[in-house]
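Heads up, the thing below is written out as structure tokens.
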Amino acid sequence: MLRETQAALGHRGATAGTYADERALLTKIRIDEQRTKAAKLTGQGRMHLDNDRFDSAIEAFEDALFIINTSPYQVDWGNIRKEAEDGLRQARTLQNDAIKVRRREAMEEGLTELAREEEQRLIQEMERLAKWMGAGIEAYERNQFDLAASYAEQILEAQPDNTKARELQLASRRAMHDKRQLQYLRDEKIKFREWYDDIQMTRVPQDKILKWPSRSFWDSITKVRASSRPTFGDVVEDPEAVALRQKVESTTVSVNVQEQDFPQVVKSLQVQTGFNIVIDGRVQGDLNDRLVNNLVLNDAQLSTVLNMLQAQGGDDGVVWTTKGNVILFTKKEYLTQNLVVQIHPVADLTAGLTNFIPPTIRLVGPDDVSDEEQPLFGSEAEEPVRPYGSADELIELIKGAVAPSFWEEGTGDINANGERTLVVKATPEVQAQVARFLDDLRGFAGIVVTVESRFLEVSENFLRDIGVDFRGLGERTPGDLVNLDNVTNGLDDNASAGFDNSGVGGAAAAALSPSAGAFFNDGRQGDYRVRTENIFDNPLGTVLSATGGASLTLGYLDGSQVSMIIRATEKSLSSRTLSAPIVTVYNTQRANLTMVNQVSYIQDFDVEVAQTSFIADPIVGIIQDGL
């Protein structure tokens, strides 16, 4: 470039010898520069190697070798190449060793950290198990054996070989079984005591009047019954109109109208209630001249006032309804019918009540026969009594009581599905009225009547039996008795009804002679034997018997022998027996109470003739005493 510049300036250029010297000098400078740089990099690499900076040492040695290997000159590198190669090899070896050391240290550090974490986890696990064990022991001490067993099972899930937890589990289960056994015994004792108390109560003539559940309970089951009425059909109700109708039902107003125009009354109600009450423009002309008379109500529901106002709207079918937030007076033909099908259960209304026919209260003659129409002792009629009739009769009752005009129009219909349910097709408003009407019928049908009666039986019984018998002379041995002659205990004479002389009233005793009560023998013409005995032909009664009392025997032994038996019995019994039967029946159901003593007897025989014999079939009659 120097030569070119000099040539351009017109200076004289250098000679050939000078140029060659310059090129040689430049080459030498570059060789020295490369040798110096390579030596410098080698020294830096050695310094980095001594300071354990292996990456920097490798980079320095590689740069030095790069200069040496890529130099275009013939350079005498001396021991620089060898030092660079040895340094690079040593640096790489030391670097690999350092990497291995770091990896080993990192592994050891990681293992140490894992061991520390595992130790911490084990400590926490032991603390948690210790807490569970302590809680289980405390629960066991509080007799909460179920909770103690639960804690023991949690410990065993974590440590299946925990013997203490196993012992706690087994002990808790045994204690739990023992506790349940004791509880079972206590419950059984209570049940037996209640059973015994019930038996004692049945012996006392008293009982409690049937009490129905509270009003809240009836409301709850009414809601459940209402939810059991399935509805079919798409019913789209305006929530705003429904809310307005609820407000109409809950709002009360007072009106005093005497011969005012229909629109004026509507406007007055609108001002008083604050509701939007309007008249449909299609019926405005019919209602402008309509007068409202004698509409006087105090604190009445707004719906009641609207219904009475609707009734004075004439025979043109004027009705009121809610649309959105507006109460509208219009005609039926302008209303869009939104019919739904709903099933109403009526099994409780169509079920029949047993008709208990009372007995015939009169003296029963020998020719009277007990039949279904005139039972002698009361019976049950074959056909039950239905308070509201069958399902078809109930349908007619609903149509006559709930919106009669709606059913007359033929828009809706009611069909009976057997005697258990009614399928009603009507608007939601009419459906609600039908449901409310059925609930009202249930309120009347569910009324029960409890009849309590008291029968007091007063009994005053007394017995006084005093008798003197002259009999029994002789010794105790029957063969040594002084008996009468030609007189027998039983048979034709029946002197002592067959019971004398230690007899039992049998055939053998009846043929014997009774003992005498007085005896006299003069020694010449024979002897005299006398006997008297008191025997009742009829029993003294069934309440008191003559058993007991005082009995004594007086004997007089002389020329005349007398044996007198005196027997005196006196008893009395006064009783008051109160019977308190209670009968509970439904409203309109017939029932009766019978307090009688019935005695059966054979009143006749019905003789049936077989081929070779006659069979007498007894006819049993019944005599009753009481009410």
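The values are calculated or read from the model by the stated rules, or taken from the named source; none is laboratory data. Treat the numbers as computed from the prediction; the structure is a model and nothing was measured. Cβ coordinates were reconstructed from backbone atoms using ideal geometry, including for glycine residues, and neighbour counts include every protein chain displayed.
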Q: Say whether the condition of being of a type in the set (Gly, Ala, Ser), at pLDDT 70 or above, at negative phi and in a loop (DSSP other than H, G, I, E, B) is met by at least one residue in the range 214-235.
A: yes
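What about residue 375, is it assigned by TED's automatic domain parsing to the domain that holds residue 445 and at pLDDT below 80? It would help to see each step written out before you state the result.
Working: assigned by TED's automatic domain parsing to the domain that holds residue 445: yes; at pLDDT below 80: yes.
In short, yes.
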Q. Looking only at the range 576-591, which residues are of a type in the set (S, T, N, Q), surrounded by 13 or more Cβ atoms within 10 Å (Cβ to Cβ) and outside any strand (DSSP E or B)?
A. 588, 589
Q. Do the conditions hold for residue 165, that is, is it touching a residue at least 24 places away in the same chain (Cβ under 8 Å) and in contact with a Leu (Cβ under 6 Å, 6 or more places away or on another chain)?
A. yes
**Q.** Pairs, first modelled with pLDDT under 75 in the range 608-627, second surrounded by fewer than 11 Cβ atoms within 10 Å (Cβ to Cβ), C-beta under 9 Å, six or more apart
**A.** 624/597; 624/599; 625/597; 625/599; 626/597; 627/361
Q: Please state which one of 65, 94 is modelled with pLDDT under 80 and assigned to a helix (DSSP H, G or I).
A: 65
Q | Residue check for residue 602: surrounded by 12 or more Cβ atoms within 10 Å (Cβ to Cβ) and in a strand (DSSP E or B) | A | no
Q: Report, by residue number, each residue of the range 149-172 that is more than 12 Å from residue 130 (Cβ to Cβ) and either not polar (S, T, N, Q) or not in a helix (DSSP H, G or I) (or both).
A: 149, 152, 153, 156, 157, 160, 161, 166, 167, 168, 170, 171
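So, of the residues in the range 90-130 that are among the basic types (Lys, Arg) and surrounded by 12 or more Cβ atoms within 10 Å (Cβ to Cβ), which turns out to be farthest from residue 43 (Cα to Cα)? Break it down stepwise before answering.
Of the residues in the range 90-130, the ones among the basic types (Lys, Arg) are 92, 100, 102-104, 116, 121, 128.
Narrowing the set further to residues that are surrounded by 12 or more Cβ atoms within 10 Å (Cβ to Cβ) leaves 92, 128.
Numbers: 92: 16, 128: 63 Å.
Ranking the qualifying residues of the range 90-130, first place goes to 128.
Considering every residue within the range 176-191, establish whether at least one is assigned to a helix (DSSP H, G or I), closer than 30 Å to residue 451 by Cα and either modelled with pLDDT of 90 or more or not hydroxyl-bearing (Ser, Thr, Tyr) (or both).
Here is the first cut: in the range 176-191, the ones assigned to a helix (DSSP H, G or I) are 176-191.
Of the ones still in play, those that are also closer than 30 Å to residue 451 by Cα are none.
For the range 176-191, residues assigned to a helix (DSSP H, G or I), closer than 30 Å to residue 451 by Cα and either modelled with pLDDT of 90 or more or not hydroxyl-bearing (Ser, Thr, Tyr) (or both): absent.
This table checks each residue for (1) closer than 18 Å to residue 97 by Cα; (2) touching a strand residue (DSSP E or B) at 6+ places or on another chain (Cβ under 9 Å); (3) modelled with pLDDT of 80 or more; (4) assigned to a helix (DSSP H, G or I).
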{"site": "32", "(1), (2), (3), (4)": "no, no, no, yes"}
{"site": "42", "(1), (2), (3), (4)": "no, no, yes, yes"}
{"site": "49", "(1), (2), (3), (4)": "yes, no, no, yes"}
{"site": "52", "(1), (2), (3), (4)": "yes, no, no, no"}
{"site": "57", "(1), (2), (3), (4)": "yes, no, yes, yes"}
{"site": "74", "(1), (2), (3), (4)": "no, no, no, no"}
{"site": "82", "(1), (2), (3), (4)": "no, no, no, yes"}
